[in-house]
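Q: Dropping a structure here in structure tokens format, bear with me for questions.
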Amino acid sequence: MSDEHMCQCRAGNAPDVSETRIQTDGRGSRGGGGGGGRVLLINLNRYEQPYPVYPLGLSYVDGALRAAGFETRLWDSYAGRGTIEECLDAFQPDFVGLSLRNIDNAQSHNPLSFVRDLADCCGRLRPRTRAPLIVGGSGFSVFPKELLELTGADYGVQGEGETVLVELMAALRDGRGVEGLPGVAWRDAEGATHCNARLAVQAGFTAEPAHDPVVLKAYAAHGSLIGVQTQRGCPLKCCYCAYPLIEGRRSRFRSGPEVAEEMSRLAAEGVRYTFVVDSVFNTRDDHVVEVCEALIKAGIDMEWECFLRPRGVSRELLALMRRAGLRHVEFGSDSFCDPVLARYGKSFTYDDVRRISEDAAALDIKYSHFLIFGGPGETPESVEETLRRAETLPGAFYFATIGMRIYPGTALWEQAGPGATGERPEDFLGVPRFYLEPPLTVESLYSRLWKVRENAHNWVVGDPPPAFVATMEKLRKRGIRGPLWEYIEVLQRYAGAKG
């Protein structure tokens, strides 16, 4: 793709189209001319902690649209010059797709919502174009009705966008109605919002990602880990997690050779480290074996990181992953107290956590645990049990969060959502809502964890401090790749010694 394709462009004055609003009553609207039509894709995610997230979802959507005959351009703040408005004016798209990856930063002690950015962007673009504004992304899929109403967008895409967005745009281009299109959110002639039933889970992946060299280079320069997906869907039952709502519960897998081919293409573009972004990589042992053996056979010069479930990973399987290039692992362990793990909906025990931590250390695989303090069943005693056990795991690094973000479609939503509080679903959107088990409070947990952080330098509570982020950027410029949390302990020890 050329630099111009990335909307690194300047444009003249925008046409005044405020009096030519499209029809959004489910009967279709203005589409493209020849071919599939022009589509401007906008990545609004600017959250940089701990690093900018590569827009893998939009890359898949981009690939699907191109395969269907649409002409696409991607605006991304890291890869493009000029404003969104300038890009819009220069390209004159038939459709505009806006992606919302995250609702908020999921931090109870320092909550930051991102939905206003999406609403503001839609408000700025609406007077400048007759093209339908279509919102999507994993964040949108969690609150589709509420976000369509908040943003004033014309349509929304729930779930996987590769199929739904292509079918929606084809229907709009051809003047067909969208009332029966699975996965589409829309407005009728009276302005009422409707969310069609979601698309049935596909048997496999329906598109390949369109990795743009300019985007890859830009994100790598900012310290991002380029994502690769080997499967979708999550059959696990964590009480707070929205993955099953977004991707479905049935796992769908790419073949080992397909994954190896994509990583080979990334390596040819200069990428030397990737993040396997599956909800958990080890859903099935045979899939892990197939992917790792394909990577080894391909001889790719690539290291990688993934999420693993602590249970059911033998040392032999972990060793195979290591030979295939695995360098870092992140575990969503959440707690080291078995009764709390059971309440969280976890399918493993602390003994599983201990065993795989010891195996990872023995194989020289750097690893970290994400811990959630204050969820259902948590007590002051269970907090202390988790902290005591954390001291015993060899070479571990810890990311701590306080409270559980309450999302629709989860067991926690049934326990503490609108049905339990008498509030409206939208009340849980604009101001992030978290569950905390009484008598625990955000303040008491933050104080306790900060004391741990002061004495144990292998902990991060919330986002890394700005000083460490600045140091990590310097390491990136020196060519250090991969997640830099393995260096934070050294940096924090150094900072403590200087203090």
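Read the figures in this text as sums done on the coordinates, not as results from a lab. Because the structure is predicted, anything quoted here is derived from the model rather than measured. Because the Cβ atoms are built from the backbone with ideal geometry, glycine has one as well, and the counts that use them run over all protein chains shown.
Q: Along its three principal axes, how long is segment 334-455 when you only count alpha carbons? Whole Å, largest extent first please.
A: Rounded to whole Å, the extents work out to 50, 30, 25 Å.
Q: Using Cβ counts within 10 Å as a stand-in for footprinting exposure, how do 212, 285 rank, fewest first?
A: 285, 212
Q: Oh, and also: In whole Hz, what ³J(HN,Hα) sequence does segment 109-116 give by Karplus (6.51, -1.76, 1.60; θ = phi - 60°), x for Gly and Pro?
A: 7, 8, x, 9, 8, 10, 6, 5
Q: Amide H to amide H, which residues 5 or more places from residue 98 or on other chains are under 5 Å from it, using H placed in the peptide plane?
A: Residues meeting the amide H criterion: 42, 134, 135, 136.
Q: Right, another one. Spelling out what I want: for every residue of segment 343-357, take phi, set θ = phi - 60°, compute 6.51 cos²θ - 1.76 cosθ + 1.60 (Karplus), and round to whole Hz; glycine and proline get x.
A: Once θ is set to phi - 60°, the couplings for segment 343-357 become 5, 6, x, 7, 9, 9, 10, 4, 4, 5, 4, 4, 5, 6, 5 Hz.
Q: Can I ask one more? Quickly work out the residue 289-to-residue 470 label distance, labels modelled 7 Å from Cα along the C-beta direction, and quote it in nm with one decimal.
A: Roughly 5.1 nm, to one decimal.
Q: What FRET efficiency do you get for residue 46 and residue 480 if R0 is 35 Å and r is their Cβ-Cβ distance, rounded to the nearest 0.05?
A: Computed FRET efficiency for residue 46 and residue 480: 0.90.
Q: Let me ask something else about it. Give me the number: length gained by fully extending residue 444 to residue 267, i.e. 0.36 nm times residue separation minus the C-alpha to C-alpha distance, one decimal in nm.
A: 59.1 nm
Q: A further question on this structure: Please turn the phi angles of segment 360-376 into ³J(HN,Hα) values with the Karplus equation 6.51 cos²θ - 1.76 cosθ + 1.60 (θ = phi - 60°), one per residue in order, whole Hz, x for glycine and proline.
A: Karplus-based 3J(HN,Hα) across segment 360-376 equals 4, 4, 5, 8, 6, 9, 6, 9, 9, 10, 8, 10, 10, 9, x, x, x Hz.
Q: In terms of modelled amide H atoms, which long-range or inter-chain residues lie less than 5 Å from the amide H of residue 198?
A: Amide H neighbours of residue 198: 183.
Q: What list do you get for 95, 428 if you sort them by fewest beta carbons within 10 Å?
A: Least to most surrounded, the residues fall as 428, 95.
Q: Along each of its three principal axes, how wide is the spread of alpha-carbon positions in segment 38-195, in whole angstrom units, largest first?
A: 47, 33, 29
Q: How many lysine pairs are close in the chain, with Cα atoms under 25 Å apart and the two 8 or more places apart or on different chains?
A: 12
Q: OK, next. Under 5 Å between amide H atoms, partner at least 5 residues away or on a different chain: which partners does residue 369 have, H built in plane at 1.01 Å?
A: Long-range HN contacts for residue 369: 331, 397, 398, 399.
Q: Rg(Cα) of segment 299-351 divided by 2.2 N^0.38 Å?
A: 1.37
Q: On to the next question. Mind giving me the nanometre distance, one decimal, between the label points for residue 338 and residue 364, set 7 Å out from Cα along Cα→Cβ?
A: Taking the two extended label points, one gets 3.5 nm.
Q: Further question: What's the FRET efficiency of residue 120 with residue 217 using the Cβ-Cβ distance as r and R₀ = 45 Å, to the nearest 0.05?
A: 0.95
Q: At 0.36 nm per residue, minus the direct Cα-Cα distance, what do residue 201 and residue 451 gain on full extension? Give it in nm, one decimal, please.
A: Working it through step by step, the gained length comes to 85.4 nm.
Q: Could I ask something else about it? Could you give the radius of gyration (one decimal) and Dmax (whole number) of the Cα atoms in the chain, in Å?
A: Rg and Dmax of the chain, Cα atoms, are 22.9, 68 Å.
Q: So between residue 237 and residue 83, what do we pick up on full extension, going 0.36 nm a residue minus the alpha carbon distance?
A: Details: separation 154, 0.36 × 154 = 55.44 nm, distance 4.16 nm.
The residue 237-residue 83 span can extend by a further 51.3 nm.
Q: Would you mind getting me the FRET efficiency between residue 316 and residue 347? Use the beta-carbon distance for r and R0 = 22 Å, nearest 0.05.
A: Between residue 316 and residue 347 the formula returns 0.55.
Q: How would 138, 333, 314 line up from fewest to most surrounding beta-carbon atoms within 10 angstrom?
A: Fewest to most other Cβ atoms nearby, the residues stand as 314, 138, 333.
Q: Now for a separate question. Counting only helical runs of four or more DSSP H residues, what would the 222 nm mean residue ellipticity of the chain come to if each run contributes -39,500 (n - 2.57) and the total is spread over all its residues?
A: Estimated from H runs of four or more residues: -11000 deg cm²/dmol.
Q: Also, I was wondering about something else. For segment 225-463, what is the per residue volume of the convex hull drawn over the alpha-carbon atoms, in cubic angstrom?
A: Taking the convex hull of the Cα positions in segment 225-463, it is 132 Å³ per residue.
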